[in-house]
1. Please work out the Cα center distance from the range A:124-188 to the range A:1-50, rounded to the nearest Å.
2. Please list 3J(HN,Hα) in residue order for the range A:133-149, calculated via the Karplus relation 6.51 cos²θ - 1.76 cosθ + 1.60 where θ = phi - 60°; whole Hz, with x for glycine and proline.
3. Taking each label point as 7 Å beyond Cα in the direction of the beta carbon, state the distances from B:His167 to the same residue in the other copies, shortest first, in nm.
4. From the phi of every residue in the range B:56-68, what ³J(HN,Hα) in whole Hz does the Karplus formula 6.51 cos²θ - 1.76 cosθ + 1.60 yield, where θ is phi - 60° and glycine or proline is x?
5. Can you tell me which lysines have their Cα less than 19 Å from the Cα of A:Lys182? Leave out same-chain residues fewer than eight positions away.
6. Could you compute how fast the protein assembly as shown diffuses translationally, taking Rh as the Kirkwood radius over C-alpha pairs and applying Stokes-Einstein at 37 °C with viscosity 0.692 mPa s? Give it in µm² per second.
7. Report, ordered by chain and residue number, the lysines lying within cross-link reach of B:Lys51, taken as a straight Cα distance under 16 Å and ignoring same-chain residues fewer than 8 apart.
8. How big is the Rg/Rh ratio for the range A:57-185, C-alpha atoms only, Rh by Kirkwood, two decimals?
2 protein chains.
Amino acid sequence: MSRWEPNARGRLEKAALELYSERGFEQATAAEIAARAGLAERTFFRHFADKREVLFGGAGELQELLVHKVANAPDSLAPIDAVAAALEGLGAMFEQRREFSRQRQSVIAANAELQERELIKLAKLSAAVADVLRRRGVADPAASLAAEAGIAVFKITFQRWIDETNHPDFGQLVRESLAELKAVTAGE
Amino acid sequence: MSRWEPNARGRLEKAALELYSERGFEQATAAEIAARAGLAERTFFRHFADKREVLFGGAGELQELLVHKVANAPDSLAPIDAVAAALEGLGAMFEQRREFSRQRQSVIAANAELQERELIKLAKLSAAVADVLRRRGVADPAASLAAEAGIAVFKITFQRWIDETNHPDFGQLVRESLAELKAVTAGE
DNA sequence: GCGAGTGATGGCAGCTACTGCCATCACATA
DNA sequence: TATGTGATGGCAGTAGCTGCCATCACTCGC
């Protein structure tokens, strides 16, 4: 494996996840990751803005997917239900890479800097969802709040999906979490 | 102003906010901040874990305050209402430092790394609120969801409070945002 | 008053993340 | 075969951050 092997980016992502798992995020240097991928450190930073970003290559696709699903949800659905329906549709994608997701999440859970990066990705997701809700005609601050609430449902759902040992259905967990949220915010 | 002047930490916080405002977070070095505070770079890193943390000295107090207020909210209040009541009680604290808050928030808004730090502080706030809700007898995932929803209300409220030019009342904004959230999550 | 102890500070060496700049390489195309 | 293009490597340099040790101001027991 040397220069001009295909899929340098993918090799870097794989090498990084392995090294971060083996010895922790802080103990792995960018040079080591690059070496394991058969590349130079300089090349690592050409593919990824920093050491953390290598774990978040999928964030863009996830956002596009979610935005697309919210945009295409039936007009009859209330904002929060449109977001929840879109979240349910993410199940297939996650189920497919469950083991990868678990490993990645365990690395992130062990390091605060990675959690920060994860949180800003979720914040951008929330902002994008708020945008598409506004395009559906939802006014502010309702659009922002519905988006934030939807992402909160996503966070809790994903955590439960990772933690549960008996492979629960992602969509089912979304529906349960949404019902809990509605129960919790029902009042007056 | 030299060695052994009192309140080194406070001087560093002030110098940092000034420098970050004047030329941006990335363009200000830790050595410069320390010099402006009459201290050495080494001393800066003894008071703050990193360059960002110097802007978040108040996060701990805020969390204690909020947790205390949620814990002492009337038992009759539903979880989300207990959190909202606690948030309303934060108004006095913010109104007192409105100009500081605006300047600080403008610095944070201009830099992604600072936003990441802010988000993890809010996540910790949410976790602490979830904890105190559990101590109030709220089960999971309701406790986590109520906390996340409450912090979402806080985020939107704070943003509106900063943006509005005509000095709105913080508590009033909390009540409005909560009402919007309830409207948005009311369903089926 | 005086010496030991304590906590805050400064200085310095060193590692690593990250960047700018330029050379080099593999490949496509004319 | 020449030439352009995009990906890569090498290297120097900056800045964030840490470990280690010396130094300084203050306190307390005597």
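1. 34
2. 5, 4, 5, 7, x, 7, 7, 8, x, 4, 4, 4, 5, 5, 5, 4, 5
3. The answer, with the shortest distance listed first, is 6.2 nm.
4. In residue order, the calculated couplings are 10, x, x, 4, x, 4, 4, 5, 4, 4, 5, 4, 4 Hz.
5. A:Lys155, B:Lys182
6. Numbers: Rh = 22.5 Å.
Calculated translational D: 146 µm²/s.
7. B:Lys14, B:Lys121
8. Details: Rg = 14.3 Å, Rh = 15.0 Å.
A ratio of 0.95.
The values are calculated or read from the model by the stated rules, or taken from the named source; none is laboratory data. What you are looking at is a predicted structure, and each value in this text was computed from that prediction instead of being measured. No Cβ is skipped: glycine too gets one built from the backbone with ideal geometry, and neighbour counts run over all protein chains shown. Areas reflect the complete protein model, heavy atoms only, side chains present, ligands, DNA and RNA absent. Shrake-Rupley method; radii C 1.70, N 1.55, O 1.52, S 1.80 Å.
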